[in-house]
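The values are calculated or read from the model by the stated rules, or taken from the named source; none is laboratory data. Quick caveat: nothing in here was measured; it's all calculated off a predicted structure. Positions of Cβ are generated from backbone atoms using ideal geometry, with glycine treated the same way; all protein chains shown enter the neighbour counts. Heads up: the accessible areas ignore ligands, DNA and RNA and are worked out on the full protein's heavy atoms, side chains in. Shrake-Rupley method; radii C 1.70, N 1.55, O 1.52, S 1.80 Å.
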Amino acid sequence: MKTQAEHFGCNTYSYIRSEPASRCVARLADLGFRKFELMVHPGHLWPPRPNAEGLVELRRVLEATGAEVITLNMPNIDINVAAAAPEMRAYSLTMLTGTVQLASEIGAPGIVIGPGKANPLFPADPAELTDHFFAALDTLCPVAKSGGTALWVENMPFAFLPGIDSLVNALDRYGNDDIGIVYDVANAHFIGEDIGGGLAKCGQRLKLVHLSDTGRQHYRHDPVGYGTVPFRDIPAMLRAVDYRECPMLEIISRNADSDILDSVGKLVAVGFAPALHSSMQ
């Protein structure tokens, strides 16, 4: 199972309330993972920077295990770059700027962000929301570029741009080719989006693929087999767009270690072969 785990990245969402990122990475590395997406959360990893001791320990663990942080990701629950209130937008940008700076310190090539959320009962005009999103990019892109990292925007069902078509169209309008996309297959499946078509739509912006399971009635990031995501079809879809990176497992579970490893086995069994990710070896 360790050998199989090396062909996937592991997101640390399930561990944000139980242990600091350094200890989490050390244990998951013992399970065979080498690529990580670290969640930014109090008690786990928190901007603008963790205490000096915590950052030193995280770097020590990364060096000792040969592990690599691919992305930092902040749960998009407490922030909103498209909020109506300017104070909320300012707070969100402060938190995300700290996350970008932290990614630079750790050496992570990407920071996962969302385009922002609309009021579900009485949403603002899409043009207004888009202007707020673009203003956030105006602030964050230079910080990322100066720190040697980049913004990777994720398709999120609760965002005001939930589908990949609208997200890619907005990014193309903005016009910065440095901005990448994280394509989350569970998020796409939940809103009824064609996953193969969505991956193709990302084009050259596709940087990372998130894997977890969900149905279409309740939004989840469950272990593989708990929902209806068509995992058996996805390896061919990834090959069709020449995706060669390690897919990132973003599985949220109270029994995370066993459920994540079980998901690894199920994914390998349906064709997530090592050859698919040769560029990350």
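Summary table below
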read-out: Set Pro115, Pro109: member being touching a strand residue (DSSP E or B) at 6+ places or on another chain (Cβ under 8 Å), under 15 Å from Leu38 (Cα atoms) and modelled with pLDDT of 95 or more; value: Pro109
read-out: Flag if Gly147 is at positive phi and open to solvent by 20 Å² or more (accessible area, probe 1.4 Å); value: no
read-out: Residue that is least open to solvent (accessible area, probe 1.4 Å) [pool: residues in the range 203-235 that are assigned to a helix (DSSP H, G or I) and of a type outside the set (A, V, I, L, M, F, W, C)]; value: Pro235
read-out: Enumeration of residues in the range 160-172 that are open to solvent by 10 Å² or more (accessible area, probe 1.4 Å) and either assigned to a strand (DSSP E or B) or in contact (Cβ under 8 Å) with a residue 40 or more places away in the chain (or both); value: Phe160, Leu161
read-out: Boolean, Met280 is open to solvent by less than 70 Å² (accessible area, probe 1.4 Å) and modelled with pLDDT under 95; value: yes
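Yes/no per residue for (1) more than 21 Å from Gly147 (Cα to Cα); (2) surrounded by 18 or more Cβ atoms within 10 Å (Cβ to Cβ); (3) without any contact (Cβ under 8 Å) to a residue 12 or more places away in the chain; (4) over 19 Å from the mean Cα position of the chain (by Cα):
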{"position": "Val25", "(1), (2), (3), (4)": "yes, yes, no, no"}
{"position": "Phe33", "(1), (2), (3), (4)": "yes, yes, no, no"}
{"position": "Val40", "(1), (2), (3), (4)": "no, yes, no, no"}
{"position": "Leu72", "(1), (2), (3), (4)": "no, yes, no, no"}
{"position": "Ile79", "(1), (2), (3), (4)": "yes, yes, no, no"}
{"position": "Glu87", "(1), (2), (3), (4)": "yes, no, yes, yes"}
